[in-house]
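The values are calculated or read from the model by the stated rules, or taken from the named source; none is laboratory data. Note that this is a predicted model, so its numbers are computed, not measured. In this analysis, Cβ positions are derived from the backbone assuming ideal geometry, glycine residues included, and neighbour counts consider all displayed protein chains. Just so you know, the surface numbers come from the protein's heavy atoms only, side chains and all, with ligands and any DNA or RNA stripped out. Shrake-Rupley method; radii C 1.70, N 1.55, O 1.52, S 1.80 Å.
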Amino acid sequence: MPQGTGADGEPQGPDVSTGPKEPAAPEEPEAGDGEAAVPEPAPPGRWRRMVRGKPAVAVVGVLVGALLGTGVMVWRSGELSSTAKDMCWGSLSPDVVSGLVSDGEIRDQELPLRALSGSAHNGSPQCRIQRFKNDNLEWEVTANVRKLSTTDGWDARQWSREFLSSRMAPLRGEITGMVSSSRAWAVLPASCQGMPREGDPPTVVTLSSGPAEPRGEERAEARRYRDALARALVHLANGVLDKYGCEGRYPEPDKMPASSLPEVKDEAGPEELCGVKGVRATRRGFGADRHALSTRVTPGAEAEESGAQANGPGAKAGAPASAGVRSCDVGRKDDELGELRLMTVEDQGLAWVFSEMLRHPAVRLKGTGSGGFSGDLTVYTATCQTGQVAFVAQEEGFGDESAALAVLPSYVKSEAKRIGCGEVDVKVPRLPS
Amino acid sequence: MAESVGPDGEPEKDIARTTRHRTALVLLLALVVLGAATLVTKVSSGAWSSTKRSFCWGAWQEGSDPEVLGDAITDGDTFARSGKESAPPAHGERATCSVRLTTTVERDGSDDEPGGSDPGGSDGGLDDGSDVGSGDGSDDGSDEGLDEGDSRSDGESSGSTEETAEYKRVNAEFGPVPRGAAQRRAWLMEFLDARAAPLPEGLPGVVGKDRGMLVLPRECDSGGLPSVVTVRGAGDMPSIGGEQDVADLLLSLANTARAKAGCDAGKPSRVTVPLRGSERDDTFYMGDSTCRVPGLRLAAGREDHYNVTVGAVEKDLQTCSIEDQESVRAPVPAGQFVMTSRPRFTALFTGLSGEAAPGKGWRGKGRIDGGNGLVTAECRGRPTVFFLQLDDRLEKKATPDSRRVFARAVNSVAERVDCPAVAPST
């Protein structure tokens with residue numbers, strides 16, 4: 001459209017451009033145009049001038065924005081997995097695993113996580129992390145998730161032998177479990193175990209690294225490794241909670257104090273076996289060298305502290321933690337304290353694993369509670385305020401007399417008193433020799 | 001301002017203007033990008049559902065667990081959801097709200113009895129406030145054109161009619177615990193029920209499948225009494241959902257109530273770890289050691305149908321509830337034993353007894369009155385409450401008598417938690 005042009009070359013007309021300019025002179029159609037003074041349509045506004053001719057830019061903008069938004073959503077939903085694989089059902093990141101196995105050729109295999117109702121017996125490992133060197137297996141860490149069994153004796157004997165050793169120290173905080181420099185276990189919370197009935201054993205996540213009782217451990221390294229195992233255990237538990245769609249996650253565990261490292265002690269005297277007054281290692285059962293015994297007790301359970309939930313909200317920061325099990329290994333130092341193990345199991349789920357053994361014992365034990373003796377395993381249960389408590393004795397082999405049976409009456413009596421269960425007695429028969 | 005003319009004769013834009021235009025263009029582009037990103041993010045995260053309502057002063061959102069808030073469609077029936085709420089929580093005052101699911105059922109006009117559509121169940125004395133379903137206007141759907149009760153009169157012929165039946169209801173409350181002794185005991189019986197397990201991470205509350213309770217921080221105290229929030233399922237099926245669901249409802253309500261009542265200065269009420277789940281124990285046994293507490297001797301006869309539930313048994317909390325299940329459909333709470341040294345829990349017993357000892361030889365202060373016993377004594381440096389209540393019928397079964405039963409129970413529990421004897425030995 002014809003536009004008048006002023007003397008400086010600028011188009012004349014109502015001025016709507018942005019720059020500071022001298023306002024143009026009011027428009028007057030030049031006489032020479034010979035047109036009627038019809039006001040021209042206003043030139044396109046500022047915004048329209050910018051966008052006009054640039055629809056492609058706008059489209060690109062929207063597309064980029066949409067992609068950005070999608071990316072944010074995908075990132076938030078966590079489906080963009082990290083480049084290195086998380087092991088054992090996505091629960092152990094490379095950083096966590098590096099605390100458990102040193103650098104090298106790492107291979108891992110895992111079986112699918114079974115549904116909680118089914119369970120694998122005999123602790124067959126479900127996830128293995130292996131370090132190879134020149135095709136030789138140098139180290140192995142295995143992880144497991146299973147419900148402890150009461151029907152076969154495997155858990156009461158073999159699982160407890162490894163995982164309820166007096167080397168195990170209780171974890172602190174809201175998670176229930178124990179850890180040493182070679183083994184770790186934690187209980188899946190009841191809210192994630194379906195509907196546990198009374199007497200149901202717990203479902204546990206476990207980690208095993210190397211032999212259960214390592215020899216010649218250097219203290220600082222044992223402590224470091226134990227912390228690494230505790231950390232991996234919590235990650236494993238959280239991973240399982242996630243896989244099962246259960247709510248809640250445990251926080252990273254604090255470093256465990258040096259005071260909770262297991263220690264072998266020479267026995268103070270046969271009248272106070274395992275640090276509990278009144279527990280007597282008698283000549284019968286322990287023999288003449290009962291004064292040369294050594295013991296190791298669950299760390300943190302030394303004091304006269306009752307086990308039940310000392311790490312709940314009422315506990316002070318320095319108070320000992322408890323997983324509901326107090327273990328004591330008795331024997332000779334050079335023999336890995338393998339003579340006798342005494343356990344007080346206040347955790348109801350774990351107690352159930354042992355008490356089921358009582359269905360068909362070789363010898364029944366009578367008294368305030370009920371119990372049985374089956375050679376290598378002796379179990380006596382009583383009903384305390386917290387529920388069923390199992391007093392357990394395990395011995396590898398015995399001569400003419402069973403140390404377990406010899407110590408049981410004083411053990412049960414003293415321990416019941418210590419945990420606030422009142423008077424509990426047991427009558428032990430003389431075994432035919 | 002000088003302006004150059006380009007080779008095609010068109011005036012070239014001034015340089016400054018071009019730069020400004022370019023800047024504005026870039027800005028516009030950035031805005032478009034941001035806008036699109038936000039749009040996509042919001043739409044895919046579902047935060048843009050304009051039809052979702054909220055309840056209880058905004059604490060609970062439709063479309064989440066548990067069932068009372070979720071989208072429940074069962075057997076072809078569609079559930080309608082409605083809510084009520086009183087004035088918002090205010091310091092020292094009681095506020096109530098509720099959410100319910102109702103279903104409308106077509107009934108053949110001829111042979112049904114005219115019946116109330118609310119199938120019984122307790123309402124818990126809920127204040128009637130305004131109907132609410134905020135966010136979407138006040139239409140709550142369920143009562144549209146329907147009567148709650150009879151939908152037709154006798155003699156009306158044929159024609160199917162619709163009845164509204166209440167399927168699920170959750171009642172919630174905020175406020176100080178009841179002041180009067182009898183009401184307080186009833187409240188304790190209900191909300192420290194052994195079926196509700198304590199919350200983790202030191203939160204002073206309990207959750208079960210049909211109820212939850214949280215004691216609010218000291219800032220919310222009023223008149224010397226702690227303020228609490230409670231949720232309670234009501235109706236024929238009082239179960240609300242899983243413990244996690246109840247905890248979620250309870251905590252979101254607590255935070256909203258604290259904000260409205262102006263006592264939310266501290267940390268929000270929150271749980272991150274898994275709930276422990278109630279390791280409780282149901283038993284029909286009632287004898288020398290009811291609740292597994294030696295000395296709590298209640299002689300049950302053959303005609304009795306009591307159910308005992310042992311809840312928490314910890315160093316600082318022990319709960320046990322006794323229920324009369326003579327009428328299986330409507331069990332009646334009959335008794336309760338509680339021990340606690342958790343500070344916010346002990347506050348729940350404030351004002352129930354005076355400063356005197358409960359009797360000669362007792363340590364601490366309290367009162368024993370028929371089937372009700374309360375004593376607060378120092379244990380390991382902390383005030384510890386021991387509390388027993390038995391209804392008249394149970395009180396008669398206390399052997400040798402309720403006073404001595406209380407004394408023996410208190411001492412048994414005191415011994416368990418390494419506390420010197422509180423009651424005289426009897």
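Tally Lys/Arg at +1 and Asp/Glu at -1 over every other residue whose Cβ is under 14 Å from the Cβ of B:Arg329; what's the total?
So the environment of B:Arg329 carries a net charge of -4.
Net charge around A:Ala212, counting only other residues with Cβ within less than 9 Å of its Cβ (Lys, Arg = +1; Asp, Glu = -1)? Could you put the intermediate results ahead of the total?
Numbers: positive: A:Arg161, A:Arg167, A:Arg183; negative: A:Glu162, A:Glu213.
Net charge around A:Ala212: +1.
Counting only protein chains, not ligands or nucleic acids, how are B:Asp288, A:Asp103, B:Asp316 ordered by accessible area (probe 1.4 Å), most first? Don't jump to the answer; show the numbers that get you there.
Numbers: B:Asp288 85, A:Asp103 145, B:Asp316 10 Å².
Final ranking, largest accessible area leading: A:Asp103, B:Asp288, B:Asp316.
Per-residue mean of other chain beta-carbon atoms within 10 angstrom of the beta-carbon, peptide B:263-276? Can you show the working numbers first?
Working: counts 0, 0, 0, 0, 0, 0, 0, 0, 3, 6, 11, 15, 8, 9.
Per residue, the average neighbour count from other chains is 4.
With every protein chain in place, what's the accessible area of A:Val363 (1.4 Å probe, Å², nearest 10)?
Taking all protein chains as shown, A:Val363 has close to 40 Å².
Throw me the Rg/Rh for the range B:281-416, computed over C-alpha atoms with Kirkwood Rh, two decimals.
0.96
Leaving ligands, DNA and RNA out of it, work out the accessible area of A:Ile106 with a 1.4 Å probe and give it in Å² to the nearest 10.
Estimated to the nearest 10 Å², A:Ile106 gives 60 Å².
At a Förster radius of 41 Å, what calculated FRET efficiency corresponds to the Cβ-Cβ distance of B:Arg270 and B:Glu378, to the nearest 0.05?
Details: r = 32 Å, r/R0 = 0.77.
Computed FRET efficiency for B:Arg270 and B:Glu378 comes out at 0.85.
Report the local net charge at B:Glu190: Lys and Arg +1, Asp and Glu -1, summed over other residues whose C-beta lies under 12 Å from its C-beta.
On the way: positive: B:Arg184, B:Arg185, B:Arg195, B:Arg211, B:Arg232; negative: B:Glu173, B:Asp193, B:Asp210, B:Glu323.
Around B:Glu190, the charge tally is +1.
Could you derive backbone 3J(HN,Hα) for the range A:414-426 from the dihedral phi with the Karplus parameters 6.51, -1.76 and 1.60 (θ = phi - 60°), listing whole Hz in sequence and x where the residue is Gly or Pro?
With the stated coefficients, the range A:414-426 comes to 5, 5, 4, 5, 4, 8, x, 9, x, 8, 10, 10, 9 Hz.
Please arrange B:His91, A:His235, A:His360 by accessible surface area, largest first, computed with a 1.4 Å probe and ligands excluded.
Numbers: B:His91 95, A:His235 50, A:His360 160 Å².
Solvent-accessible surface, decreasing: A:His360, B:His91, A:His235.
Amide H neighbours of A:Gly369 under 5 Å, at least 5 residues apart or on other chains, H built in the peptide plane: list them.
Placed amide hydrogens put A:Asp425 under 5 Å from A:Gly369.
Which of the peptides B:94-107, A:217-230 is most tightly packed, and how do the rest follow, going by the mean number of other Cβ atoms within 10 Å of each residue? Could the numbers behind the result be given before it?
On the way: B:94-107: 20.6, A:217-230: 16.8.
For the peptides B:94-107, A:217-230, the packing ranking is B:94-107, A:217-230.
Taking R0 as 41 Å, what's the FRET efficiency between B:Arg107 and B:Tyr285 from their Cβ-Cβ distance, rounded to 0.05? Could you put the intermediate results ahead of the total?
On the way: r = 46 Å, r/R0 = 1.11.
With a Förster radius of 41 Å, E is 0.35.
Per-residue accessible area for B:Arg403 at 1.4 Å probe radius, Å² rounded to 10?
100
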